[in-house]
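Structure, as structure tokens:
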Amino acid sequence: MAGGRLLERVDAALGDGLENLVVAHHRRRLLRQGWLHALDAGPGGWAGGEPPPRRGNRVEMLIDGSEALPAIARACEAARSSVWLAGWHFTPELRLAGSTLRELLAEVAERAEVRVLAWAGAPLPLFHPDRSEATAWTALLILPAGGSAGMTRPRGLPARPLGTWPVTSPFAGRR
């Protein structure tokens, strides 16, 4: 029992240490770019700056996959002109409302523009998805469906684009 608690404490300490390193890294990068103020939220918890929030927008908090995945599937199915997905990672075989993400996007691509923007993957194969996995999965996800895809590195600069992507929206949406 004592060994289990020790392991939990070591795990927590390592996790906290890694989190602190990542936060410090991003703070330094933002400071060098003159954007440290981006971490400071204004009154009410909203970040300030331009452009200001616009009227008529709606935000819906989706806590986990049981809420988010069906909402993403419904938005994709209802799309008339475009579906744009941007995120950390997309798995082609992810099940959404009875079909895979790849099948859903292939169906949508027959009537609407489909674009996917995903992270390019970890530079070393110590973490997953690594760059080769991310490239392969993104290509399987969208290119056969007739859409386009792009990949970004953490700095947000294009890296090994698989297609054209005008970066505009960091969420799954429909128009």
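Values for this structure:
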| read-out | value |
| --- | --- |
| Subset of segment 1-53 that is in a loop (DSSP other than H, G, I, E, B) and acidic (Asp, Glu) - its residue that is modelled with the highest pLDDT | Asp40 |
| Residue list for segment 95-108, restricted to those being over 12 Å from Cys76 (Cβ atoms) and either part of a loop (DSSP other than H, G, I, E, B) or among the acidic types (Asp, Glu) (or both) | Gly98 |
| Qualifying positions in segment 64-114 - of a type in the set (Ser, Thr, Tyr) and either under 20 Å from His128 (Cβ atoms) or without any contact (Cβ under 8 Å) to a residue 40 or more places away in the chain (or both) | Ser66, Thr91, Ser99, Thr100 |
| Filter result for Ala159 (hydrophobic (A, V, I, L, M, F, W, C), at pLDDT below 75 and under 30 Å from Leu30 (Cβ atoms)) | yes |
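Here is a yes/no grid of residues against (1) at pLDDT 75 or above; (2) touching a strand residue (DSSP E or B) at 6+ places or on another chain (Cβ under 8 Å); (3) surrounded by fewer than 22 Cβ atoms within 10 Å (Cβ to Cβ); (4) not in a strand (DSSP E or B):
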{"position": "Phe127", "(1), (2), (3), (4)": "yes, no, yes, yes"}
{"position": "Ala136", "(1), (2), (3), (4)": "yes, no, yes, yes"}
{"position": "Leu143", "(1), (2), (3), (4)": "no, yes, yes, yes"}
{"position": "Ala149", "(1), (2), (3), (4)": "no, yes, no, no"}
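The values are calculated or read from the model by the stated rules, or taken from the named source; none is laboratory data. Predicted model, so just to flag it, every value in this text is computed and none were measured. Every residue, glycine among them, receives a Cβ derived from its backbone with ideal geometry; neighbour counts consider all protein chains shown.
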